[in-house]
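The values are calculated or read from the model by the stated rules, or taken from the named source; none is laboratory data. The shown structure was predicted, so the numbers you read here are calculated from the model rather than taken from an experiment. Positions of Cβ are generated from backbone atoms using ideal geometry, with glycine treated the same way; all protein chains shown enter the neighbour counts. Side chains included, ligands, DNA and RNA excluded: accessible areas come from the protein's heavy atoms. Shrake-Rupley method; radii C 1.70, N 1.55, O 1.52, S 1.80 Å.
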Amino acid sequence: MADFLCTVPARPGRSFEVELAQLGGEGDDDRTRTELRTVRPGRLAAGLPRPGLHTELIGLLRWSWTVTVAADWPRRRRVLQADIVSRTAMLAAHGWSGLVPTLGARHQWLGDGRLQINHYDLPEHDLSSARTLLFIPAHSNGFGWLGTNPPATPSSTR
């Protein structure tokens, strides 16, 4: 997942439109292409080099939300909130080594402050200077990704 698509929320409880505006204001075509090359090295697909890529991407995210998620959001939100409560209790009872493997098959607590969230061959991120690590629940297939907004707050979806 390209970092610019999993922007760390500035604070909890913001609406989709506010988050999308944040995402829209933080990027441009060049950054979007750079991020895409990071997760898929090599030549960009036809059409991606043209102007307006970032704006088109924001429009695609808005369309995806409107067509596939918005109507079901109240139910999904309750499921995600219940997940947060459950995992917080698990963390309190079993620590990181007990919690992290429950986040997905590819998630591992490696010890010594090291966390593995997927098996992709991507550069490691040194999070030792991070003030906060947010675990953001997501309705997904168990894959995880790390989003960073250096230097403030790395986040990991689940």
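Laid out as a table, the results:
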{"read-out": "Hits in the range 44-68 - residues which are more than 18 Å from D28 (Cα to Cα) and touching a residue at least 40 places away in the same chain (Cβ under 8 Å)", "value": "W65"}
{"read-out": "Boolean, S97 is without any contact (Cβ under 8 Å) to a residue 12 or more places away in the chain and out of contact with any Ser or Thr (no Cβ under 9 Å at 6 or more places or on another chain)", "value": "no"}
{"read-out": "Tally of residues being assigned to a loop (DSSP other than H, G, I, E, B) and in contact with a strand residue (DSSP E or B) (Cβ under 6 Å, 6 or more places away or on another chain) across the range 115-124", "value": "1"}
{"read-out": "Long-range neighbours under 7 Å by Cβ, at least six apart or interchain, first residue without any contact (Cβ under 8 Å) to a residue 12 or more places away in the chain within the range 70-94, second open to solvent by less than 80 Å² (accessible area, probe 1.4 Å)", "value": "L91/L99"}
